[in-house]
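Only one structure is covered here, and it is reproduced in the block below.
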Amino acid sequence: MPPLLLSLYARRTWTPSLLGRYFPTTTSRLHSYTHRQNHNGVVTLSYDIFEGTAPEPPLVLLHGLFGSKLNFQSIARALVRKTRRKVVTLDARNHGSSPHTDNITYFVMSADVRQILQQLCIPRCVLIGHSMGGKTAMTVALQEPQLVDRLVSVDISPSPTTPQSGFPEYIKAMQNVRLEGKMPRSTARRLAEEQLSLTVKEQAVRQFLLTNLVQENEQFRWRVNLEAISRHLQDLLDFPDFHDPYPGPALFLGGANSPYISSENFPEIERLFPYSTVEYIQGAGHWVHAEQTQEFLNAICNFLQMP
């Protein structure tokens, strides 16, 4: 299983010397924008805004590899209902409705996020990132700490994830899918899943990858840029070198069934995020927000209320 989300909320806190379910809500998406232009190497991302009334910094949600802002749709609505804050969800470059480019590294994805914050007149926010999105959020916080009021990294640490990753196999399996001629969407999904199953044994992973199968001009294609992701996969599995720590509060929220935040990662977390807390959610693997939604929301809301 790829990077996803020992008691419920077992936690370790460091001081400077030493972190799709549906909800009944009346909140609706107010704005949705899709952009497809590049300038100066920065991509203008596709985003959704869920309006809130609270004056506190808005929450900005960043998805993981092969994901999209749709992964956080119901989560965003629930967070608006619970916190009353504005919530923004983004599609990373080469994902969802955002433009495709040849480059995909944490530095360029950080620049994309910073441009959107400037465009939306958000001087300070809470960044919440899952997996790849967590590393992007960490990069923004370490580069421009004044932009990040608080940081939440979901089931990922600032350490390489290569040893546990099945991503190279997933990319190759997606590249090998062949769908010839016109066919209903249901047929295309069934045929694509049959072909993926030769390599990707976990049904939940196959279903997640299939969220990227889209129809365009009566032909089916992957909406993620597999070529660019494959070329930069090692960059995405690694993490950039930083020396200066992020001085704000940080939460590293891991799944008890996931290996991606372990005690081996604690020294690097402590070095770069000295005001941090690590928590584990029981019964969750990679997709914490989908597998243990209520516990995920509780952890976020509790963190926002911490001094």
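When only residues in the stretch 198-247 that are acidic (Asp, Glu) and exposed (fewer than 13 other Cβ atoms within 10 Å of the Cβ) count, which is nearest to Phe66 (Cα to Cα)?
By that ranking, first place goes to Glu202.
Output the number of the condition that Pro267 fails; it satisfies all remaining conditions of (1) modelled with pLDDT of 95 or more; (2) in contact with a helix residue (DSSP H, G or I) (Cβ under 8 Å, 6 or more places away or on another chain).
With respect to (1) modelled with pLDDT of 95 or more; (2) in contact with a helix residue (DSSP H, G or I) (Cβ under 8 Å, 6 or more places away or on another chain), Pro267 is out only on (2).
Which members of the stretch 104-135 meet the condition of being in contact with a helix residue (DSSP H, G or I) (Cβ under 7 Å, 6 or more places away or on another chain) and either of a type in the set (Asp, Glu) or assigned to a loop (DSSP other than H, G, I, E, B) (or both)?
Scanning the stretch 104-135 gives Ile104, Thr105, Arg124.
Restricting the first residue to the stretch 223-236 and requiring it to be within 13 Å of Met174 (Cα to Cα) and hydroxyl-bearing (Ser, Thr, Tyr), which pairs with a second residue that is at pLDDT 95 or above and open to solvent by 70 Å² or more (accessible area, probe 1.4 Å) meet a Cβ separation below 6 Å and a spacing of at least six or different chains?
From the stretch 223-236, no pairs qualify.
I'd like to verify a number: residues in the stretch 63-82 that are part of a helix (DSSP H, G or I) and either open to solvent by less than 30 Å² (accessible area, probe 1.4 Å) or of a type in the set (Lys, Arg) (or both), how many?
11
Exactly one of (1) open to solvent by 70 Å² or more (accessible area, probe 1.4 Å); (2) part of a helix (DSSP H, G or I); (3) within 26 Å of His100 (Cα to Cα) is unmet by Arg190. Its number?
Going through the list (1) open to solvent by 70 Å² or more (accessible area, probe 1.4 Å); (2) part of a helix (DSSP H, G or I); (3) within 26 Å of His100 (Cα to Cα), Arg190 breaks only (3).
Yes/no matrix, rows are residues, columns are (1) crowded, with 20+ Cβ neighbours inside 10 Å; (2) over 28 Å from Tyr275 (Cβ atoms); (3) not hydroxyl-bearing (Ser, Thr, Tyr):
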| site | (1), (2), (3) |
| --- | --- |
| His130 | yes, no, yes |
| Gly133 | yes, no, yes |
| Thr139 | yes, no, no |
| Val148 | yes, no, yes |
| Val154 | yes, no, yes |
| Pro160 | no, no, yes |
| Asn176 | no, yes, yes |
| Met183 | no, yes, yes |
| Gln195 | no, yes, yes |
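Go through the stretch 39-62 residue by residue and tally those that are assigned to a loop (DSSP other than H, G, I, E, B) and touching a strand residue (DSSP E or B) at 6+ places or on another chain (Cβ under 6 Å).
The number of residues fulfilling the criteria is 3.
Filter the stretch 263-307 down to residues that are within 21 Å of Thr136 (Cβ to Cβ) and among the hydroxyl-bearing types (Ser, Thr, Tyr) and give me whichever is most open to solvent (accessible area, probe 1.4 Å).
Tyr275
Filter the stretch 141-155 down to residues that are of a type outside the set (A, V, I, L, M, F, W, C), farther than 18 Å from Ile122 by Cα and out of contact with any Lys or Arg (no Cβ under 8 Å at 6 or more places or on another chain), then give me how many there are.
Qualifying residue count, the stretch 141-155: 1.
Out of the residues in the stretch 248-262 that are touching a strand residue (DSSP E or B) at 6+ places or on another chain (Cβ under 6 Å) and open to solvent by 20 Å² or more (accessible area, probe 1.4 Å), state the one that is farthest from Ser68 (Cα to Cα).
Taking the candidates together, the pick is Pro249.
Could you please tell me which pairs satisfy a Cβ distance under 6 Å, a separation of 6+ or placement on different chains, a first residue in the stretch 85-103 that is closer than 17 Å to Ile122 by Cα, and a second residue that is charged (D, E, K, R) and at pLDDT 95 or above?
Arg85/Glu56; Lys86/Glu51; Thr89/Asp48; Thr89/Lys69; Leu90/Lys69
The values are calculated or read from the model by the stated rules, or taken from the named source; none is laboratory data. Every value quoted in this text rests on a predicted model; they were computed, and no experiment measured them. Neighbour counts run over all protein chains shown; Cβ positions are idealised from the backbone, glycine included. Keep in mind that these areas ignore ligands, DNA and RNA; they rest on the heavy atoms of the full protein, side chains included. Shrake-Rupley method; radii C 1.70, N 1.55, O 1.52, S 1.80 Å.
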